[in-house]
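Working notes, structure below.
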Amino acid sequence: MPGKMLKPFFGGLTIPDVIIGNLKNVLASDQIILATTREPGDDALVELGKKHGINVFRGDTNDVLKRFLDAADHFGLTDVIRICADNPFLSSVYVRQLMVEHAKGLTDYVTFAFPDGTPIMKTHIGLFAEIMKVSFLRDIATRTEEKLYREHVTNFVYENRHLWNTSFLPVPEPFANRKDIRLTIDTPEDFQNIAALFGQLCPTGAEVQPEALIVAIDQNLELRQQMAIQIAINSK
């Protein structure tokens, strides 16, 4: 869905506006980096970042892993939280849980996973993130030049967990075993469905709690049917 990042999502807010607002519940503005490309079409995203008082980095268009590493080097980071910019229901509650686990200093990479081992980032739920050491990302970069792994920054670890100290926390209730939920936005249909849900639950634009979100989804049969269609045609 070209242009989805700047399309009005709710009450004049774009998807990045909503996500940045959620992140500010757990991070300071100067801890948030919008990592975009040098393409002229992304100039408006740079201005959006400046409006929110967060950091902005412009890097490689296609090699997203390189963009992450260059951004980390530019800001002198040792650890990063990876946030996908098409998830307006991103939960600061679950971001905080990852930060607590990572702060123990026992792992190179932390995220959530289902009992069958499926990493949460390979699902369509769209509330979650992942946290990692920059040295971990740098090691991935030395091990592969395959386009899939350079574009999808952490996919390499899912198939090579034994190479690092990783922690895959159980997916929290109420989303445990709920692979039928799609709150990420890839298509115009997603945008329409999720914008309507957001308007229902977040009339002020404030972050919605996960428990309220799952109740609203389960009460809306048509929305669940639309989610099922989009999950079927948009593989992860």
Peptides 191-200, 143-152: what's the order by average Cβ count within 10 Å, highest mean first? 191-200, 143-152
Return the equivalent ellipsoid semi-axes of segment 66-136 as a descending list in whole Å, where each equals the square root of 5 times an eigenvalue of the C-alpha gyration tensor. 21, 15, 12
Quick query: amide H of E130 versus all other amide H atoms, modeled in the peptide plane; which residues come in under 5 Å with a sequence gap of 5 or more or a different chain? R82
What FRET efficiency, computed as 1/(1 + (r/R0)^6) with R0 = 25 Å and r the Cβ-Cβ distance, is obtained for E211 and M99, rounded to the nearest 0.05? 0.75
For segment 78-149 and segment 153-197, compute the distance between their C-alpha centroids and round to whole Å. 10 Å
So the number of lysine pairs in the chain with alpha-carbon atoms under 12 angstrom apart, 8 or more residues apart or on different chains, is 4
To the nearest 0.05, the calculated FRET efficiency linking K236 and K50 through their beta-carbon distance, R0 being 35 Å, is 0.65
Please find the FRET efficiency linking E146 to D116, where r is the Cβ-Cβ separation and R0 is fixed at 25 Å, and quote it to the nearest 0.05. 0.50
Of the convex hull enclosing the alpha-carbon atoms of the chain, the direction-averaged projected area in nm² is 12.2 nm²
Quick one: net charge around L223, please, counting Lys, Arg +1 and Asp, Glu -1 for every other residue with C-beta under 13 Å from its C-beta. -3
If I model a spin label at A176 and R38 as a point 7 Å from the Cα along the Cα→Cβ vector, what separation in nanometres do I get? 4.8 nm
For the chain, what is the mean residue ellipticity at 222 nm derived from helices alone (per DSSP H run of n ≥ 4: -39500 (n - 2.57); sum divided by total residues; nearest 500 deg cm²/dmol)? -12000 deg cm²/dmol
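Readers should treat all values here as calculations from the given coordinates under stated rules, not as data from a laboratory. Everything numeric here is computed off the predicted structure, so don't read it as measured data. Glycine also receives a Cβ, built like all others from the backbone with ideal geometry; neighbour counts cover every protein chain displayed.
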